[in-house]
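Following: one structure in structure tokens, then a few remarks.
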Amino acid sequence: MPAAAAPSLPGLRLAADSPRRYAVRLETGGIEDYPVPADGQLRLEVPGFRRRCQVYLFDWIRIGGGADRLKTWRIEVPAGGKPVRSPPLSKVLRLPLDQHRDHVLRLAR
């Protein structure tokens, strides 16, 4: 069985003209809303989880196991009640890092 992933606090920075007008919503089964400060930097509380086992027939055909939670959990960035971006958490955790080691999510101008 895969090892459990510990809870984490990844950093996120919204690169936008006025980050305060946005909010960040983390959907991990429950919903957490984070107000964005003026500098656009915040810490997300990602809960711990256990990755599901992958079951293969003849070591070739996948017949069981679940989806990767980091691909199903989403970050939604609404502005004015409409979502601006809604990437899966796995993509956000692969975004480039800034000098503070926060993932940078750029929003359209």
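Show me, for the range 9-19, the HN-Hα J-couplings you get by feeding each phi into the Karplus relation (A = 6.51, B = -1.76, C = 1.60, θ = phi - 60°), rounded to Hz, glycine and proline as x.
With coefficients 6.51, -1.76 and 1.60, one gets 10, x, x, 9, 10, 7, 8, 8, 4, 9, x Hz.
How large is the charge dipole for the chain, taken about the Cα centre, if only the Cβ atoms of Lys, Arg (+1) and Asp, Glu (-1) carry charge, to the nearest 20 debye?
240
If I stretch the segment between S86 and Y34 completely, what's the gain in nm (0.36 nm per residue apart, minus their alpha carbon distance), one decimal?
17.3 nm
What are the ³J(HN,Hα) couplings of the range 29-46, residue after residue, when phi is run through the Karplus curve with 6.51, -1.76, 1.60 and θ = phi - 60°? Round to Hz, x for glycine and proline.
Values per residue, Gly and Pro as x: x, x, 10, 10, 9, 10, x, 9, x, 4, 7, x, 9, 8, 10, 9, 9, 8 Hz.
Which residue, G11, G81, G40, tops the fluctuation ranking in a GNM of the chain built on C-alpha contacts under 10 Å?
G81
Among P87, P47, P19, determine the one that fluctuates most according to a GNM of the chain built with springs between C-alpha atoms less than 10 Å apart.
Looking only at P87, P47, P19, the largest GNM fluctuation is found for P47.
Hey, what's the Cα Rg ratio for the chain versus the globular rule of thumb, 2.2 N^0.38 Å?
Normalised by 2.2 N^0.38 Å, the Cα Rg of the chain equals 1.24.
Sort Y34, Y56 so the one with the fewest other Cβ atoms within 10 Å of its own Cβ comes first.
Fewest-to-most Cβ neighbours within 10 Å comes out as Y56, Y34.
Every number in this text was worked out from the coordinates using simple rules, so none of it is lab data. Fair warning: this is a prediction, and the values are worked out from it, not measured in the lab. We place every Cβ from the backbone using ideal geometry, glycine too, and count neighbours over all the protein chains shown.
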